[in-house]
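This report concerns only the one structure given below.
The values are calculated or read from the model by the stated rules, or taken from the named source; none is laboratory data. A quick note: this is a predicted structure, and the numbers were derived from the prediction, not measured. Cβ placement follows ideal geometry from the backbone for every residue including glycine, while neighbour counts extend to all protein chains displayed. Remember, those area values only see protein heavy atoms, side chains included, never the ligands or the DNA or RNA. Shrake-Rupley method; radii C 1.70, N 1.55, O 1.52, S 1.80 Å.
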Amino acid sequence: MGNFFAKLKRSWLKRFGSDRQIVEQLYKSEHGHLPDLLQPRTFNEKVQWYKLHYRNPLMTLASDKYRVREHLTQIGLGHILNELHGVYDCADEIDFDALPDAFVLKTTHGSGMNILCKNKAALDREECRRKLDRWLKTDFYRPGREWAYKNIRPRIVCEKYLENAEHGELIDYKFYCYGGKPEMVFLCFNRFGPGGLRHECYDMAWQQIHVLKGRPAATANHPRPRQFEELIAIATKLAAGFPFVRVDLYVVQGRIIFGEMTFYPDSGLLPFSPPEFNRFFGDLFVLPEKSV
């Protein structure tokens, strides 16, 4: 009976709950307690506050996987954009025969809605279309109230498939930027290897920080990339004007390529281990004045 009422409450909240109620209950379901939204101290609590109380129209542009290209071009970073094969309003518009053998499809209005195609001949095109059209109908904003995604026009973007040939995968540099300044970078790899995604965390002096964030850490001790200072400079330029943003970049054959910008990493729901790092990352996050 308890589970029945719990499900009933969740269903009611999804349909009629306020943004704050939904954010609080989602947070509690993952962390076991309500967030302190009056005096948030940890990183994950501050992400919830950020969702509810900060509005900057540029966040919507930066979160849109297609229109962010306009922003980068306007600030002189058009040269780091990945090659664009096409943009579509629905999956039926995609001419697969005209695409290269390898490509990436992703929707503009959310996170994690990606199809990585390394071999077009092996792609189930109908399943691909069904998946993309289902994603296009998904309101990514509603479940976690991640405001930056609320007003993005759902579309499909097709870009060049990227891979670090020397590793057989794509290495991802995720810069955590506070007040326009990169402070930490999570290096993510092993997406398709045994055990799944792994990460390592480094400061801007490339000193490893031994912290886990929702996923297993690794002890690969990757060398400092030759382009690291340039990566920092680009992340700094992209982060300008935002209280917090995560900037994702790649380095492929010596060229820096833009990934995405994220204002609510993991929706503030993944735990840190050791847990004191939740406060450590939170102390760097100086909240702005409320917009709403």
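Listing for the model above:
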{"read-out": "Failed condition for T60, given (1) modelled with pLDDT of 95 or more; (2) open to solvent by 30 Å² or more (accessible area, probe 1.4 Å)", "value": "(2)"}
{"read-out": "Filter pass, K290 being touching a His at 6+ places or on another chain (Cβ under 9 Å) and open to solvent by less than 10 Å² (accessible area, probe 1.4 Å)", "value": "no"}
{"read-out": "Candidates R55, R142 - the one that is closer than 17 Å to F263 by Cβ and in a helix (DSSP H, G or I)", "value": "R142"}
{"read-out": "Near pairs, Cβ below 8 angstrom, 6+ apart or cross-chain, from the range 232-261 (free of Cβ contacts under 8 Å to residues at least 60 places away in the same chain) to any residue that is basic (K, R) and open to solvent by 10 Å² or more (accessible area, probe 1.4 Å)", "value": "T236/K181; G254/R226"}
{"read-out": "Evaluation of Y173 against (1) under 19 Å from S111 (Cα atoms); (2) in a loop (DSSP other than H, G, I, E, B) (one fails), failing number", "value": "(2)"}
{"read-out": "The range 92-124, subset over 23 Å from the mean Cα position of the chain (by Cα), surrounded by 13 or more Cβ atoms within 10 Å (Cβ to Cβ) and not aromatic (F, W, Y), residue nearest to A165 (Cα to Cα)", "value": "K120"}
{"read-out": "Residues (in contact with a helix residue (DSSP H, G or I) (Cβ under 7 Å, 6 or more places away or on another chain) and modelled with pLDDT under 95) located in the range 85-125", "value": "G110"}
{"read-out": "Where a residue in the range 279-290 is farther than 11 Å from T42 by Cα and its partner, wherever it lies, is assigned to a loop (DSSP other than H, G, I, E, B) and open to solvent by less than 40 Å² (accessible area, probe 1.4 Å), with Cβ under 6 Å and at least six apart", "value": "P288/Y54; P288/P243"}
{"read-out": "Every residue from the range 247-277 that is under 18 Å from the mean Cα position of the chain (by Cα) and not in a strand (DSSP E or B)", "value": "F263, Y264, P265, D266, S267, G268, L269, L270, P271"}
{"read-out": "Criterion violated by V252 - all others in (1) over 17 Å from N44 (Cβ atoms); (2) buried (at least 19 other Cβ atoms within 10 Å of the Cβ) satisfied", "value": "(2)"}
{"read-out": "Every residue from the range 197-231 that is buried (at least 19 other Cβ atoms within 10 Å of the Cβ) and modelled with pLDDT of 90 or more", "value": "E200, C201, V211, L231"}
{"read-out": "Residues satisfying the stated conditions in the range 20-52, i.e. assigned to a helix (DSSP H, G or I), in contact with an Asp or Glu (Cβ under 9 Å, 6 or more places away or on another chain) and of a type in the set (K, R)", "value": "K51"}
{"read-out": "Qualifying residues in the range 235-246 (those that are closer than 14 Å to L72 by Cβ and crowded, with 19+ Cβ neighbours inside 10 Å) - the one nearest to the chain's Cα centre (by Cα)", "value": "V245"}
{"read-out": "Pairs where the first residue, in the range 59-77, is touching a residue at least 12 places away in the same chain (Cβ under 8 Å) and over 17 Å from V245 (Cα atoms) and the second is not hydrophobic (A, V, I, L, M, F, W, C) and not in a helix (DSSP H, G or I), C-beta under 7 Å, 6+ apart", "value": "Y66/T108; Y66/R155"}
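Matching residues to (1) open to solvent by 50 Å² or more (accessible area, probe 1.4 Å); (2) of a type in the set (A, V, I, L, M, F, W, C); (3) in contact (Cβ under 8 Å) with a residue 60 or more places away in the chain; (4) over 23 Å from K237 (Cβ atoms):
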position: K150; (1), (2), (3), (4): yes, no, yes, yes
position: E159; (1), (2), (3), (4): no, no, yes, no
position: E163; (1), (2), (3), (4): yes, no, yes, yes
position: D172; (1), (2), (3), (4): no, no, yes, no
position: M184; (1), (2), (3), (4): no, yes, yes, no
position: F189; (1), (2), (3), (4): no, yes, no, yes
